[in-house]
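The values are calculated or read from the model by the stated rules, or taken from the named source; none is laboratory data. All values reported here derive from a predicted model rather than from experimental measurement. So basically every Cβ, Gly included, is an ideal-geometry build from the backbone, and we count neighbours across all protein chains shown.
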């Protein structure tokens, strides 16, 4: 078996849905077993960006909001979208300012992930922001946010208890916890 060889053959593709944030593409395919099939891909027009602001005392900020897709209120690390063509670090700076009202003197990328690669081509980048200064937030019109400043250890425990359930937030928190425990942050 050649791990680099694509076993899928695309016969045709058609855009089934397109809006500001996503495009859904349906493809007629020949699957790896040689049979006719169909495959849908959700193309995200933004890269997902997560930011964990961390002050000198290891406090951080989380954001609470009602998530329409889940029909539930969720706590998350500050996150948002980075449009195609924009440098992810610029997206991180913008999202941190919009959601939490913070500017930072340094950003370190600690994680890059494929968020749901069986149905989506969405990728994400997580940054730790340091050297923080509060300047005032300005959420987007689709956001009604509540911001909490907490010790990072408490945020980690919230993730472990299932009180933070967003996949990007949980992965980012776990990665940062491992880095802190290893003395790398």
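Miscellaneous remarks
This table checks each residue for (1) exposed (fewer than 11 other Cβ atoms within 10 Å of the Cβ); (2) in a loop (DSSP other than H, G, I, E, B); (3) in contact with a helix residue (DSSP H, G or I) (Cβ under 6 Å, 6 or more places away or on another chain).
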site: 5; (1), (2), (3): yes, yes, no
site: 13; (1), (2), (3): no, no, no
site: 17; (1), (2), (3): no, no, no
site: 20; (1), (2), (3): yes, yes, no
site: 26; (1), (2), (3): no, no, no
site: 32; (1), (2), (3): no, yes, no
site: 38; (1), (2), (3): yes, no, no
site: 41; (1), (2), (3): no, no, no
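To keep it simple, each residue is scored yes or no on (1) modelled with pLDDT under 95; (2) closer than 17 Å to residue 125 by Cβ; (3) not assigned by TED's automatic domain parsing to the domain that holds residue 138.
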{"site": "1", "(1), (2), (3)": "yes, no, yes"}
{"site": "40", "(1), (2), (3)": "no, no, yes"}
{"site": "72", "(1), (2), (3)": "no, no, no"}
{"site": "87", "(1), (2), (3)": "no, yes, no"}
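- Any hit, the stretch 127-142, residues being out of contact with any helix residue (DSSP H, G or I) (no Cβ under 7 Å at 6 or more places or on another chain), surrounded by 14 or more Cβ atoms within 10 Å (Cβ to Cβ), part of a loop (DSSP other than H, G, I, E, B) and not assigned by TED's automatic domain parsing to the domain that holds residue 25: no
- Options 149, 184: the member that is part of a loop (DSSP other than H, G, I, E, B), farther than 23 Å from residue 87 by Cα and modelled with pLDDT of 95 or more: 184
- The set of residues from the stretch 143-185 being more than 16 Å from residue 77 (Cα to Cα) and surrounded by 15 or more Cβ atoms within 10 Å (Cβ to Cβ) comprises 179, 180, 185.
- Residue identified as surrounded by 20 or more Cβ atoms within 10 Å (Cβ to Cβ) and either part of a strand (DSSP E or B) or in the same structural domain as residue 168 (by TED's automatic domain parsing) (or both) among 105, 60: 60
- Subset of the stretch 117-146 [free of Cβ contacts under 8 Å to residues at least 40 places away in the same chain and within 20 Å of residue 67 (Cα to Cα)]: 141, 142
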